Structures are given as C-alpha cells and as structure tokens.
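Participant: Dropping a structure here in structure tokens format, bear with me for questions.
The values are calculated or read from the model by the stated rules, or taken from the named source; none is laboratory data. None of these values were measured; they are calculated from a predicted model. No Cβ is skipped: glycine too gets one built from the backbone with ideal geometry, and neighbour counts run over all protein chains shown.
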Amino acid sequence: MSNIKYKRILLKISGEVLMGSQGFGIDLATVGRVADEIIGLRKAGAEVALVIGGGNIFRGLAGAAKGMERVSADHMGIMATVMNALAMQGVLTSKGVDARMLSAIPMPTVCETYAAAKGIHHLKAGRVVLCAAGTGLPFFTTDTGAALRAAELKCDALFKGTSVDGVYSADPKKDPAAKRYEHVSFGEILSRDLRIMDPAAIALARDNDIPVVVFSIREAGNVAKVLAGKGLFTTIDKD
C-alpha cells in the first residue's frame, strides 16, 4: 500500500464534466478519461467512492425556474445522475474495474439500493462505489449528497473535481485579479460565501471533520497527482 494521506476518498464531479466538448449529454470518450483518473487513484492505493451530478442532462433548479414544479424537476435531475452513474459503471467495467452502483432510490432491476454498510463493504473489497440518485430527495444538491455519503462511508476526504484549480477569492473567469488559496477554512468559505460547493455541503463536511480538496478535473492525471500532494489544489478544513 502506498503512503498516501487519504486512504478512502469520495470523488465528486459535476455532470457537465461528462459532456466533454459537447453542449449536452454524455461524451463516452470523456467518461473514459475520468474512468482512467479513478483507476489512477486505485493504483495509488486509495479506496474510491464517486458521486456525479446530472447537469449535463437535466438540472432541477433550472427546470423549476422555467415554471416546472420543483419536486418533479428535482426528481428528473436525480434520474440524470443515475444515467451518468450507469455510464461510468459501464466504462469502468469495460476497463476491468469492479464497480458497484448504489442508488438512493430503490431500482432493483438496475442496481443495488444504497446503504452505508453495503458501500463500506464494497470499498473494503476493493470495488469502486458509485453513489447515484443524490440523497434521493428534492431540494438537495449532489454536492450535499456527496458530503453526506463521504460522512456515511467514513471517507478521509472529499475530492471536488471542478473546471478550476482550486478555490479563488472571486470567479477567476471574470476577475483576473482573483487570488487562489492553497488552504482556506470552512468558516471562511461560509462567511465569504465562496460558492465552490453549496453551504449545506460545506457545513456537513465541517461538522464531520472531512477535508474538502478542490482541484481541476480537466487535466489528465491530475486526480492521482493531487492525492500525492502535488500540483495545484485548495484544501478546505477546520484549521
């Protein structure tokens, strides 16, 4: 076993990552690249659970903003995360990785129903665990679902893969003077409303003492590099 800081991690990525250069849907070449990132984590010695958003297919809040009833819109977004998890499970399996999808909403003909004990069992057995369907409830984001699963599965860290290489004082795409942090506290994230994750997710991670590591998922090989403490990333914790 490699000498790594975090032995068990929850990797959270947005559904938009799976679009690749497309404007919508799932780009299987990109799914394959992300699968290789997960394989890199396993080779480094980490146990890996994964949560994928659904924004590449349907975003509940956006649907509600256009006049759809919020609960129905959120349930559609939840189903989008299931589709993304199925795609990732299929690609991981094709690459020889034992991956198990666990859904917060029971669908026994498709996958196992999520239970923390079941997820921990699979992780200890060396399987990648894909946590689908968010929390199974409307009004909660997949960021919050990821923080919840990280706590339930007793993960050492929550890795948040984004389009930027860490947490900034402002949106670096809009403000060229934005400062990138190597370390920031949970309290500062909440007090300054630095929206790298929603506040409920940050509060969950804080209350369960789970550090959040924010980095760019767009660079090939970056996830394993960050696990080894290399490259650009921001660590969010209590210090």
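Participant: Return yes or no: is ALA151 within 30 Å of GLU69 (Cβ to Cβ), touching a residue at least 40 places away in the same chain (Cβ under 8 Å) and part of a helix (DSSP H, G or I)?
Facilitator: no
Participant: Specify the residue that is nearest to ALA46 (Cα to Cα); the eligible residues are those in region 118-155 that are of a type in the set (S, T, N, Q) and surrounded by fewer than 24 Cβ atoms within 10 Å (Cβ to Cβ).
Facilitator: THR144
Participant: Might you let me know whether region 71-87 holds any residue that is under 17 Å from THR144 (Cβ atoms), in contact (Cβ under 8 Å) with a residue 12 or more places away in the chain, assigned to a helix (DSSP H, G or I) and more than 19 Å from the chain's Cα centre (by Cα)?
Facilitator: Looking for residues that are under 17 Å from THR144 (Cβ atoms), in contact (Cβ under 8 Å) with a residue 12 or more places away in the chain, assigned to a helix (DSSP H, G or I) and more than 19 Å from the chain's Cα centre (by Cα), one finds at least one in region 71-87, hence yes.
Participant: How many residues are on the phi < 0 side of the Ramachandran plot and either in contact with a Pro (Cβ under 7 Å, 6 or more places away or on another chain) or part of a loop (DSSP other than H, G, I, E, B) (or both) when one looks only at region 209-232?
Facilitator: Restricting attention to region 209-232, the residues satisfying the condition of being on the phi < 0 side of the Ramachandran plot are 210-220, 222-228, 230, 232.
After this cut, where a residue has to be either in contact with a Pro (Cβ under 7 Å, 6 or more places away or on another chain) or part of a loop (DSSP other than H, G, I, E, B) (or both) as well, the list is 210-211, 217-220, 228, 230, 232.
Total meeting the criteria: 9.
Participant: Given the conditions (1) assigned to a loop (DSSP other than H, G, I, E, B); (2) surrounded by 14 or more Cβ atoms within 10 Å (Cβ to Cβ); (3) of a type in the set (A, V, I, L, M, F, W, C); (4) modelled with pLDDT under 95, which single one is not true for MET1?
Facilitator: (2)
Participant: Scan region 169-208 for residues that are assigned to a helix (DSSP H, G or I) and either loosely packed, with under 13 Cβ neighbours inside 10 Å or modelled with pLDDT under 90 (or both) and jot them down.
Facilitator: Scanning region 169-208 gives GLY187, SER191, ASP207.
Participant: Considering only region 28-50, state which residues are farther than 17 Å from GLU219 by Cβ, surrounded by fewer than 22 Cβ atoms within 10 Å (Cβ to Cβ) and touching a Ser or Thr at 6+ places or on another chain (Cβ under 9 Å).
Facilitator: LYS43, GLY45
Participant: Taking the conditions exactly as written (in contact with a helix residue (DSSP H, G or I) (Cβ under 8 Å, 6 or more places away or on another chain) and not acidic (Asp, Glu)), does VAL91 satisfy them or not? So that I can check it myself, show each step before the final result.
Facilitator: Values: in contact with a helix residue (DSSP H, G or I) (Cβ under 8 Å, 6 or more places away or on another chain): yes; not acidic (Asp, Glu): yes.
When the stated conditions are applied, VAL91 passes them.
Participant: Hey, among the residues in region 6-37 that are touching a strand residue (DSSP E or B) at 6+ places or on another chain (Cβ under 8 Å) and of a type in the set (Lys, Arg), which one's nearest to VAL213 (Cα to Cα)?
Facilitator: Restricting to residues being touching a strand residue (DSSP E or B) at 6+ places or on another chain (Cβ under 8 Å) and of a type in the set (Lys, Arg), the top hit is LYS12.
Participant: Which of the residues that make up region 52-95 are surrounded by fewer than 21 Cβ atoms within 10 Å (Cβ to Cβ) and of a type in the set (Asp, Glu)?
Facilitator: GLU69
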